[in-house]
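These notes concern the structure reproduced below.
Coordinate-derived values only; no laboratory data. The structure displayed is predicted, hence computed values, not measured ones. When we count neighbours, we look across all protein chains shown, and the Cβ atoms used for this are built from the backbone with ideal geometry, even at glycine.
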Amino acid sequence: MGNRRPTGGYDPVQIYNSTSFNAYGTVEYASIFCSNDRYSVQREGTWQSSGRGVCLVTRITATVITPSGNIEAEPYTSSGTSYSQFAIIQVGPNQFRVTRVVSSARRRRKC
């Protein structure tokens, strides 16, 4: 499922901002023993957490700073995921979403 490191923890969370605007938000983790991360990311830039150990991600919020004002993106939510790669995307005029990045490799059909 997610990316497990040889040291026993999960890969650091990475958030790619694919929009033309700067953004900031919070990465929330499942356990009370895990500290949430606050982040800010430039347009078309990537933020990476310093580490997360064995903490599962439950929610990622984003506020996108636009000329029309600060706009809350639809957050990513999970009961707890080990996935580490996420993106802020624009889905419409002044509409944004935080989503998990999936592989772009396509499966070949068997004939």
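Of note:
- Rounded to the nearest whole Hz, the Karplus-based 3J(HN,Hα) values (6.51 cos²θ - 1.76 cosθ + 1.60, θ = phi - 60°) of segment 44-56 follow the sequence 6, x, 10, 9, 10, 5, 6, x, 9, x, 9, 7, 8, with x at glycine and proline.
- Sorted from greatest to least, the principal axis extents spanned by the alpha carbons of segment 39-79 come out as 38, 22, 12 Å.
- Amide H contacts under 5 Å for Ser84: Asn3, restricted to partners 5 or more places along the chain or on a different chain, H placed in the peptide plane at 1.01 Å from N.
- Length-normalised contact order for segment 14-100 - Cα pairs under 8 Å, 6+ apart - percent: 31 percent
- Mean Cβ neighbour count within 10 Å, used as a protection proxy, ranking 82-92, 9-19 highest first: 9-19, 82-92
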